[in-house]
Amino acid sequence: MSNPKQIVYQLAVEDIQTVAADYLEREITEAELDIIKTKIAEYIPWYDAIWNCIAFELKEFVQEEEI
């Protein structure tokens, strides 16, 4: 088994600034970025994302009635 502490997915500051530029038409400040860094995990349904990926990408291993 691989390292259980290995990071699988990350967001970069560049990703956050891209979204800010698209929606706010500006980059966010360091203070705003600190707020986003602190709070973003609360907005990511990580459990559901993992289950959906397992269910749809590994469907040959998952019983049809479990989905």
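The values are calculated or read from the model by the stated rules, or taken from the named source; none is laboratory data. Owing to the predicted nature of the structure, the values given are computational and were not obtained by experimental measurement. Glycine gets a Cβ as well: all are built from the backbone with ideal geometry, and neighbour counts include every protein chain shown. All accessible areas refer to the heavy atoms of the entire protein, side chains included, with ligands and DNA or RNA removed. Shrake-Rupley method; radii C 1.70, N 1.55, O 1.52, S 1.80 Å.
What do you get for the angle between helix 13-24 and the principal long axis of the chain? Use alpha-carbon atoms, 0 to 90 degrees, nearest ten.
70 degrees
Order the peptides 14-21, 29-36 from the highest to the lowest mean number of other Cβ atoms within 10 Å of their residues.
So the peptides 14-21, 29-36, ranked by packing, come out 14-21, 29-36.
Would you work out the charge dipole size for the chain about its Cα centre, treating the Cβ of every Lys and Arg as +1 and the Cβ of every Asp and Glu as -1, and quote it to the nearest 20 debye?
Using Cβ point charges on Lys, Arg, Asp and Glu, the chain gives about 260 debye.
Suppose only helical runs count, i.e. DSSP H with n ≥ 4. What mean residue ellipticity at 222 nm does that imply for the chain under -39500 (n - 2.57) per run, divided by all residues and rounded to the nearest 500 deg cm²/dmol?
Working: 3 runs with 34 residues, N = 67.
When only DSSP H runs of four or more count, the value is -15500 deg cm²/dmol.
Could you do me a favour and compute the accessible area per residue for the chain, 1.4 Å probe, result in Å²?
On the way: 6510 Å² over 67 residues.
Counting only protein heavy atoms, the per-residue value for the chain is 97 Å².
Rounded to the nearest percent, how much of the accessible area of the chain (1.4 Å probe, protein heavy atoms only) is carbon and sulfur?
Using a 1.4 Å probe with all protein chains present, the chain comes out at 58 percent carbon and sulfur.
Over the chain, what per residue volume does the convex hull of the Cα atoms give, in whole Å³?
So the per-residue hull volume is 135 Å³.
Suppose the chain between Ile44 and Leu11 were pulled fully straight at 0.36 nm per residue; how much longer would it get relative to their current alpha carbon spacing?
10.7 nm
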